[in-house]
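The values are calculated or read from the model by the stated rules, or taken from the named source; none is laboratory data. All figures in this text were calculated on a predicted structure; none of them were measured in a lab. Neighbour counts are summed over all protein chains in view; Cβ atoms, including those assigned to glycine, are modelled from backbone coordinates with ideal geometry.
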Amino acid sequence: MKESQLPTPYYIVYEDKLRRNLALIDDVRRRSGAEIIMAFKANALWRTFHIIKEYGFRFTASSLNELALGNKYLGTKAHTYCPAYTDATIESFLEGSSHITFNSLDQARRYASRALDRSVSTGLRVNPQCSVIETDIYNPALPGSRFGVTADMIGDRLPDNIEGLHFHALCESSAEDLSKVLEAFEDQFGKYLKQVMWVNFGGGHLMTREGYDTEALIRIISDFRARYPWLKVILEPGSAFTWRTGDLVASVVDVVENQGVKTAIIDASFACHMPDCLEMPYKPAITGALEPDESLPTYRMGGNSCLSGDFVGSWSFREPLAAGDRIRFEDMNHYTTVKTTMFNGLQHPDIVFSDSEGNCSYLRRFTFEDYESRMS
């Protein structure tokens with residue numbers, strides 16, 4: 001079946017675009033000497049993993065569901081980071097991981113020795129307090145951040161059971177942004193680098209975006225490795241792997257007008273199918289659409305749900321829209337597909353019924369299979 005024959009709405013992923021990104025990331029990996037792994041929080045469509053597996057990329061996980069997905073479909077162990085492990089989850093995390101990063105000194109004290117006993121390399125997430133992200137909701141370096149420890153919390157020496165350091169302070173950022181954060185990291189945490197074997201530069205390296213200076217990225221990594229030749233450098237981008245590899249295609253089902261505002265109602269929803277547009281917020285590109293121009297037919301796009309705020313806009317078109325017209329929202333693979341299911345592989349809460357006597361029974365308990373099937 002050809003794409004023009006598909007009923008809307010649908011997400012679509014293009015193999016040639018995915019392979020283009022993988023080839024570029026592989027080139028950066030080879031020339032810089034860094035290990036580059038994929039973050040499932042941006043892409044968990046495991047039916048495409050056979051292509052990623054061809055290039056030998058490993059993965060990072062932040063939940064037991066992501067861990068199980070990567071173990072099963074990439075066939076490797078994870079570089080794992082979770083804001084907090086528990087006595088109930090730590091053994092499962094260790095079973096599927098080659099590396100595990102702790103978010104706090106208390107978590108490291110509780111679990112690092114156990115990890116080393118299982119031959120899982122241990123890391124500590126640190127906060128270089130260098131903010132290069134404009135949108136607060138995506139900025140892990142804001143004052144009061146719950147992510148990572150600051151140098152003053154560590155003191156003169158790292159705990160003996162820590163083998164690596166991990167910082168993550170970027171989001172769809174440039175090589176120049178990495179340079180700024182890396183300078184702050186070295187200023188604050190450089191004194192600890194002789195004690196560790198690896199440093200994870202985190203995610204947010206959008207090296208597949210048009211205009212990204214990959215030569216600068218390679219130079220930054222290579223220079224860092226020259227300064228600290230005993231350290232293994234790891235990057236774990238998410239968006240870069242599936243940047244501009246797929247779209248969401250919907251159809252106009254009606255056009256309504258109130259108080260001079262025209263809204264094209266589509267057979268998809270921002271709240272249900274593109275929640276990051278409302279969360280960030282941002283306005284996606286629509287193929288063939290223009291920035292608002294009062295001389296042209298102009299519409300906002302409205303989802304087909306009952307949420308009043310289920311709309312984004314506005315766009316102008318050269319011709320008026322009508323029911324049946326197709327709308328292609330560009331670049332709706334990375335993050336969008338996971339945001340509509342179980343972001344970061346976080347398990348849905350159980351649903352429990354309490355009868356009039358106070359007796360509780362489960363209506364539904366969610367499992368890895370629910371995550372797996374929703375991401376297929």
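Values for this structure:
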read-out	value
Test for LEU182: is it at pLDDT 95 or above, of a type outside the set (Phe, Trp, Tyr) and surrounded by 14 or more Cβ atoms within 10 Å (Cβ to Cβ)	yes
Which numbered condition VAL261 misses (of (1) surrounded by fewer than 18 Cβ atoms within 10 Å (Cβ to Cβ); (2) at pLDDT 95 or above; (3) farther than 16 Å from THR298 by Cβ)	(3)
Hey, ASP152 in the same structural domain as THR86 (by TED's automatic domain parsing), over 20 Å from LEU235 (Cβ atoms) and without any contact (Cβ under 8 Å) to a residue 40 or more places away in the chain or not	yes
Qualifying residue in segment 340-355 (condition: among the hydroxyl-bearing types (Ser, Thr, Tyr) and over 31 Å from the mean Cα position of the chain (by Cα))	yes
Any hit, segment 187-201, residues being surrounded by fewer than 17 Cβ atoms within 10 Å (Cβ to Cβ), under 26 Å from PHE40 (Cα atoms) and free of Cβ contacts under 8 Å to residues at least 60 places away in the same chain	no
Verdict on ASN344 being assigned to a helix (DSSP H, G or I), under 25 Å from LYS17 (Cβ atoms) and not acidic (Asp, Glu)	yes
Residues (in a loop (DSSP other than H, G, I, E, B) and buried (at least 16 other Cβ atoms within 10 Å of the Cβ)) located in segment 323-340	ASP325, ASP331, MET332, ASN333, HIS334, TYR335, THR340
The lone exception for SER131 - which of (1) under 25 Å from LEU158 (Cβ atoms); (2) touching a helix residue (DSSP H, G or I) at 6+ places or on another chain (Cβ under 8 Å); (3) of a type in the set (S, T, N, Q) it fails	(2)
From the options VAL132, VAL28, residue that is over 28 Å from HIS348 (Cα atoms), touching a strand residue (DSSP E or B) at 6+ places or on another chain (Cβ under 9 Å) and surrounded by fewer than 21 Cβ atoms within 10 Å (Cβ to Cβ)	VAL132
Selection from segment 146-173 of residues that are small (Gly, Ala, Ser), touching a strand residue (DSSP E or B) at 6+ places or on another chain (Cβ under 6 Å) and assigned to a strand (DSSP E or B)	GLY164
Selected residue [surrounded by fewer than 20 Cβ atoms within 10 Å (Cβ to Cβ) and touching an Asp or Glu at 6+ places or on another chain (Cβ under 8 Å)] from PRO297, PRO284, PRO320	PRO297
Any hit, segment 244-259, residues being in contact with a helix residue (DSSP H, G or I) (Cβ under 7 Å, 6 or more places away or on another chain), assigned to a helix (DSSP H, G or I) and touching a residue at least 60 places away in the same chain (Cβ under 8 Å)	no
Subset of segment 31-60 that is under 26 Å from PHE270 (Cα atoms) and either without any contact (Cβ under 8 Å) to a residue 12 or more places away in the chain or of a type in the set (S, T, N, Q) (or both) - its residue that is surrounded by the most Cβ atoms within 10 Å (Cβ to Cβ)	ASN43
Qualifying residue in segment 101-121 (condition: small (Gly, Ala, Ser), in contact (Cβ under 8 Å) with a residue 60 or more places away in the chain and over 27 Å from SER373 (Cβ atoms))	yes
Wholly within segment 55-119, helices (runs of 4 or more DSSP H) carrying at least 2 residues that are among the small types (Gly, Ala, Ser) and either within 20 Å of the chain's Cα centre (by Cα) or closer than 22 Å to PHE147 by Cα (or both)	64-73, 105-117
Which listed residue, of GLY211, GLY123, is modelled with pLDDT of 95 or more, assigned to a loop (DSSP other than H, G, I, E, B) and within 21 Å of ARG29 (Cβ to Cβ)	GLY211
Some residue of segment 355-373 being surrounded by 15 or more Cβ atoms within 10 Å (Cβ to Cβ), modelled with pLDDT of 90 or more and not aromatic (Phe, Trp, Tyr)	yes
